[in-house]
Amino acid sequence: MNFDIKKFEWTREPEIYSITDNRIEITTKPFTDLWQRTYYHFRNDNAPLLQMHTDERFFSFTVKTEFESKHRFDQCGIVMYLDSENWLKASIEYENEKFRHLGSVVTNNGYSDWATTEISAEINSMWYRFSRREDDYCIECSEDGITFKQMRICHMCNGGGKISFGVYACSPEDSSFKAVFTNMEITECKWAEHNGQKPD
């Protein structure tokens, strides 16, 4: 499986965007987001997503993100969106002038979790690597595109067959910013097979 931008399709096409062979620009629209139920007890499902479909069971997708966000909760990153109640995303989310949240959300059967860590508000670029091993997934991040650090491993209840994956950007509050995605590639799975305790 190779990267081909022509294979990517919009789920909720944004009003302002630009796509070339290896560069995607999305200008977010206010009050767009992805979240389901947990803690906040609201459901938002209107963020624009650009994804491709595959039934390949072992691969990695890498992308570099750059952003100009300056408003609370502005975010952009990678996504695997199966339907409104089953998806995952990883991104940097603007919080304030001091820090941002680098985090990931996994949503299974209509409930979202959120795992985060605080990073400097001066960081305005991040690489992500999304890897699949059957119905299990690994999300990694990197500031230089060379050294990747694990953000999380997760299982997707409905993620064992054909999936959709790609990029997204959104502004949950009354804001708008430009997100840029470059250096996209699809490779063999770079998430190595586990070499510790044997399966049950």
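Of note:
- Mean Cβ count within 10 Å, highest first, over the residues of peptides 39-46, 168-175: 168-175, 39-46
- Distance between modelled label sites at D113 and H71, nm, 7 Å Cα→Cβ extension: 3.1
- Here the Karplus relation 6.51 cos²θ - 1.76 cosθ + 1.60, evaluated at θ = phi - 60°, turns the backbone of the stretch 63-80 into coupling constants of 8, 9, 10, 9, 8, 10, 5, 9, 10, 3, 6, 3, 7, 7, x, 9, 8, 10 Hz, with x for every Gly and Pro.
- Stretch gain in nm, segment D144-D55, where the contour uses 0.36 nm per residue and the Cα spacing is subtracted: 29.1 nm
- Global geometry of the stretch 99-183, whether rounded, prolate or oblate, following the gyration tensor of its Cα atoms and the 1.5 cut on a/c: prolate
- Here S18 and D136 are evaluated by their C-beta separation; at R0 = 30 Å the FRET efficiency comes out at 0.30.
- Pair T38, N158: separation of 7 Å Cα→Cβ label points (nm): 1.7
- Other residues within the sphere of radius under 15 Å centred on the Cβ of G161, judged by their own Cβ, net out at -2 (K and R +1, D and E -1).
- 3J(HN,Hα) couplings calculated from phi for the stretch 100-106 with the Karplus curve 6.51 cos²θ - 1.76 cosθ + 1.60 (θ = phi - 60°) are, in sequence order, 10, 9, 8, x, 9, 10, 10 Hz; Gly and Pro show x.
- Cα pair count fraction exceeding 23 Å, expressed as % - the chain: 39
- Neighbours of A192 by Cβ distance under 14 Å: Lys/Arg scored +1, Asp/Glu scored -1, total 0.
- For S69, the shell of other residues with beta-carbons less than 13 Å away shows a net charge of -4, using +1 for Lys and Arg and -1 for Asp and Glu.
- Relative contact order for the stretch 14-129, counting Cα pairs under 8 Å that sit 6 or more residues apart, in percent: 21
Every number here is computed from the coordinates shown, using simple stated rules; none is lab data. In this text, all values refer to a predicted model and were calculated from it rather than measured experimentally. Cβ sites come from the backbone with ideal geometry, for glycine too, and all protein chains shown count toward neighbours.
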